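Asks: Dropping the structure in here first, questions after.
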């Protein structure tokens, strides 16, 4: 080894990948990641937050125990190097060294999403260059194009030379490309050391303990109806025509600037329609604060919206107080929850300091609780969790005691792109959970967002849209052990998004009806465990959540199973009686029958 720590890690991953003979696509299917994610890890463009991710790739390549030990040592060095350089950036909040995988209690085995979450793209130019981002590197398997044999193939097969360091930056990925060439003799020496085993002089490394059994097992509890939320994306006041459990108001004509166009003047028409519609449908409302009026911050930077809305906090926080009092007084007992800013760690939506945001949160908590003691307060939404800057701002809000003024933490969960497995969102939950553990707090979590670039991304085909919509909510059920309670799908009512549930005035799509079917499966269910892969004696790409169902005249156990890619065959156990599918059909099954699992979740019922 002679390169930077991130390169050393990537070098060994690449060697294992090439030795296995497996393509990036094949490794993606075996590990539950997207092929572009595996490619970036093997190229050293990003470093996984958890060793479990590295281990999954290595095991899929047939790594030996000595190689797993060496990978763990290199991963620790890469993480330590990244944190050291992040500490040099302004505004960094110190945190302990990266915890060992068996010390965090976090879900380890999910890939790292890498795109910021927010709400919509209001008429901004399309393409990564328009956002000031560097286009992602792509390989033959990611693009379907044949690379230049002197370019892509050489980049994949030639060991990376060392770099002088790794510097976090605001673009999408950490640049760990080499700057000088590494001698081939040194590479041969490294390979010899790896294949011969650990050197006697090397300090013993700690390998994550492998444990057979579900990822978590907890006391049974009812699956809440409110797990199934949607963000309303229309100002009509209409509600979904299929089963949902909660609604969130954003991009719905209810920004602060739209409700209060002038100091002392309020226009409640649109918000009244929403609240009336939700009451008639029996749906709890989450009202989102955000979008400072121009009159409250004349010199503040513009937000992404084309109407002059500001991203800055108000110049005078008394204006904030007055708006809060007016909303809370008018809707006391009718609006059940308040998200106290749409996105607190993205300067496109909030350009003030964390100190000011914490003070705004404190004031909001005091004012809303005085008007409506039963209301739930959701701290300002936090996204950009794949970036060092986003995490620093999130940690800063935490360190300043911001979460002491709320009941719930709002986080923005998303895949890198809508075509990536929804289960990849679990990595962001793990990132948040580790940060809260370090701070000694354990708030409830609501997922309140999606990617900012969602309107720039193409639609999914009907089958994948249906499967991913259902697995979006199953990912929320899977993360129960990390305090995740609600999933607000973005959005309901809009059509310029990759997965459409229902257009305003239209009928529910197949994706919406599949989400409704999932809720029917779980309406009388009590969740007790979730896990995946060989740890629970299932194929590597199979995920599962187990529940108990108790309804009049029928008590039984059930498991929802699906794959993150491809298919797998499982055998019906001795008590299995039926398989239910998202189209509403039911198939009788006998013990010993083969049950094929696909990316479409199924419900497997068993007798008590």
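Just so it is clear, none of the values below were taken in a lab; they were calculated from the coordinates. Please read these numbers as outputs of a predicted model, since none were measured by experiment. For neighbour counting, all protein chains shown are included, and Cβ atoms are generated from backbone atoms with ideal geometry for every residue, glycine included.
Asks: Label points 7 Å out from Cα along the Cβ direction at residue 299 and residue 594: separation in nm?
Replies: Between residue 299 and residue 594, the simple spin-label model gives 7.3 nm.
Asks: Say R0 is 22 Å: what FRET efficiency, to the nearest 0.05, do residue 419 and residue 503 get from their beta-carbon distance?
Replies: Values: r = 22 Å, r/R0 = 0.98.
Efficiency at R0 = 22 Å is approximately 0.55.
Asks: Roughly speaking, what is the centre-to-centre gap between the stretch 3-53 and the stretch 244-264 when only Cα atoms are used, to the nearest Å?
Replies: Using only Cα atoms, the two centres lie 43 Å from each other.
Asks: Turning to a different aspect of this structure: For the residues 325, 396, what sequence is obtained by ranking on other C-beta atoms within 10 Å, fewest first? Before the final figure, lay out each step's value.
Replies: On the way: 325 14, 396 19.
Arranged by neighbour count, lowest to highest, 325, 396 become 325, 396.
Asks: Can you pull the Kirkwood radius for the stretch 227-523, inverse mean 1/r over Cα pairs, to one decimal in Å?
Replies: Values: mean 1/r = 0.0520 Å⁻¹.
Computed over Cα pairs of the stretch 227-523, the Kirkwood hydrodynamic radius comes out at 19.2 Å.
Asks: Further question on the same structure: For residue 212 and residue 276, what does the FRET efficiency come to when R0 = 51 Å and r is the distance between their Cβ atoms, rounded to the nearest 0.05? Please list the in-between numbers first.
Replies: Working: r = 53 Å, r/R0 = 1.03.
For residue 212 and residue 276, the calculated efficiency is 0.45.
Asks: Additional query: Please order 496, 412 by the number of other Cβ within 10 Å, starting at the fewest. Walk me through the numbers on the way to the answer.
Replies: On the way: 496 14, 412 28.
Lowest count first: 496, 412.
Asks: Would you please state which residues of the stretch 564-608 a label at residue 220 would reach in this model, taking the label point 7 Å out along Cα→Cβ and a backbone N cut-off of under 14 Å?
Replies: Residues 606-608 qualify, since their backbone N sits under 14 Å from the label point.
Asks: Multiply the residue separation of residue 362 and residue 321 by 0.36 nm, subtract the distance between their alpha-carbon atoms, and state the gained length in nm to one decimal. Write out the running numbers ahead of the final one.
Replies: Values: separation 41, 0.36 × 41 = 14.76 nm, distance 1.07 nm.
This chain segment gains 13.7 nm when fully extended.
Asks: Between the alpha-carbon centers of the stretch 541-565 and the stretch 327-392, tell me the distance in whole angstrom.
Replies: What the calculation gives is 36 Å, centre to centre.
Asks: Relative contact order, percent, of the stretch 530-606 when contacts are C-alpha pairs under 8 Å separated by at least 6 residues?
Replies: Working: 173 pairs, mean separation 23.1, N = 77.
RCO, the stretch 530-606: 30 percent.
Asks: While we're looking at this one, here's another question. Sequence gap at least 6, Cα distance under 8 Å: using those rules, report the relative contact order of the stretch 227-523 to the nearest whole percent. It would help to have the intermediate numbers written out before the result.
Replies: On the way: 578 pairs, mean separation 53.3, N = 297.
Relative contact order here is 18 percent.
Asks: Another one. For an R0 of 41 angstrom, estimate the FRET efficiency from the Cβ-Cβ distance between residue 578 and residue 19 and round to the nearest 0.05. Could the numbers behind the result be given before it?
Replies: Working: r = 44 Å, r/R0 = 1.08.
The calculated FRET efficiency here is 0.40.
Asks: Just to be sure I understand the model, the point goes 7 Å from the Cα along the line to the Cβ. What's the resulting residue 236 to residue 607 distance in nm?
Replies: 4.9
Asks: At a threshold of 8 angstrom on Cα-Cα distance, excluding pairs fewer than six apart, so keeping six or more, what relative contact order does the stretch 381-510 reach in percent?
Replies: Working: 172 pairs, mean separation 30.5, N = 130.
Relative CO of the stretch 381-510 lands at 23 percent.
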